[in-house]
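For reference, the structure discussed in these notes is given below.
The values are calculated or read from the model by the stated rules, or taken from the named source; none is laboratory data. Note that the structure is predicted; figures quoted are calculated from it, not measured. A quick note on method: Cβ atoms are made from the backbone with ideal geometry, for glycine too, and the neighbour counts reach across all protein chains shown. Ligands, DNA and RNA are stripped out before the accessible areas are found, and what is left, the full protein with its side chains, is counted by its heavy atoms. Shrake-Rupley method; radii C 1.70, N 1.55, O 1.52, S 1.80 Å.
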Amino acid sequence: MYTYPMIIVPVLIILLIGIKIVRPTQRGLIERLGKYSGFAGPGFHWIIPIVDRMFIVNVTEQMVDAEPQEIITNDNLNASVDAQVYFRVKDDEESVKGSIYNVNDYRYQIVNLARTTLRNIIGTLTLKSANSERGKINADLYKTLHTETMGWGIEIVRTELKEIDPPKDVQETMNKVVKAENEKIAAVDSATAAETVADGIKRAKIKEAEGYKRAKILHAEGEAEAIKLVNEAADKFFIGNAQILRKLQAVETSLQTNTKIVVPTGSELVNIIGEMAGAVLPITQKSKME
């Protein structure tokens, strides 16, 4: 009566213990009695307890920190260097097997390889060039890690150089140098701006003087032209009037001596004599009436 429960319960326990669930972000390797038995993809799996063993591997992107370390640069300065490495185990069977069987603790190995590679790279550079060539350092670090981990079933996604910090006293000196350079640049910019303003004012003054000069010249030329026209008119007027006056004198002399003279019709002398006659006649008549 008690035989069946005593058999069923251990069987159920063994069945439950042997159940394994592999998530989509994982892959599994099954070993039977210490020997590779099969590959486990995402989903339900059952293994024989004690006989079989499953190793679960994360195949999503992961990050390890190389941890800060003191590195002596080529110019004999200590620099605190830190970097991060992003990687993932490839999800095919051979890559997962490589991450388990070809390397002992790949995360630890990546950290140590990154630290050693950084010492080799930065040790050949000066502190200044190391700070200015971060892109090159990242590229060299990535290339080395990618090459060295190819047999581990791992893909290096990218590397990030977090910091290259010099000692505190060196950093303070560098900050002073940078500050002095910035102040020098600011002073040069200020002087250049002042010079530009002065040049603008100078050009404006020159333009104003040139305009004033041109106005004076035009004014003088106008006055000279006006004087010239007046002189020409005066010369013409006085020359003509002098001729008429001479003719009048001749007429007066002729009248005094009762000499006959012939005056051409339409001449200016006839007009003048007519005007004079018109002016003399009223005076003569007035005298007679009195």
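Residues that are loosely packed, with under 13 Cβ neighbours inside 10 Å and outside any helix (DSSP H, G or I) were ranked within the stretch 1-22; the one that is nearest to the chain's Cα centre (by Cα) is Ile21. Being assigned to a strand (DSSP E or B) and open to solvent by 30 Å² or more (accessible area, probe 1.4 Å) is a property that holds for Phe39. Between Ile137, Ile48, Ile56, the distinction of being of a type in the set (Val, Ile, Thr), open to solvent by less than 20 Å² (accessible area, probe 1.4 Å) and out of contact with any Asp or Glu (no Cβ under 9 Å at 6 or more places or on another chain) belongs to Ile137 only.
The set of residues from the stretch 73-88 being at pLDDT below 95 and either more than 36 Å from the chain's Cα centre (by Cα) or basic (Lys, Arg) (or both) comprises just one member, Asn76.
Evaluating Leu125 against the criteria (1) assigned to a loop (DSSP other than H, G, I, E, B); (2) surrounded by fewer than 17 Cβ atoms within 10 Å (Cβ to Cβ) leaves one unmet condition, (2).
In the stretch 57-70, the condition of being of a type outside the set (Ser, Thr, Tyr) and closer than 30 Å to Leu12 by Cβ is met by at least one residue. Just to be sure before I move on: is Thr147 open to solvent by 60 Å² or more (accessible area, probe 1.4 Å), farther than 20 Å from Ile72 by Cβ and among the polar types (S, T, N, Q) in the structure I sent? It is true that Thr147 is open to solvent by 60 Å² or more (accessible area, probe 1.4 Å), farther than 20 Å from Ile72 by Cβ and among the polar types (S, T, N, Q). In a loop (DSSP other than H, G, I, E, B), modelled with pLDDT of 90 or more and on the phi < 0 side of the Ramachandran plot, is that true of Thr117? Judged against the criteria, Thr117 is not a match.
Among the conditions (1) free of Cβ contacts under 8 Å to residues at least 40 places away in the same chain; (2) touching a Ser or Thr at 6+ places or on another chain (Cβ under 9 Å); (3) under 30 Å from Ala40 (Cβ atoms); (4) open to solvent by 30 Å² or more (accessible area, probe 1.4 Å), Glu70 misses just one, which is (3).
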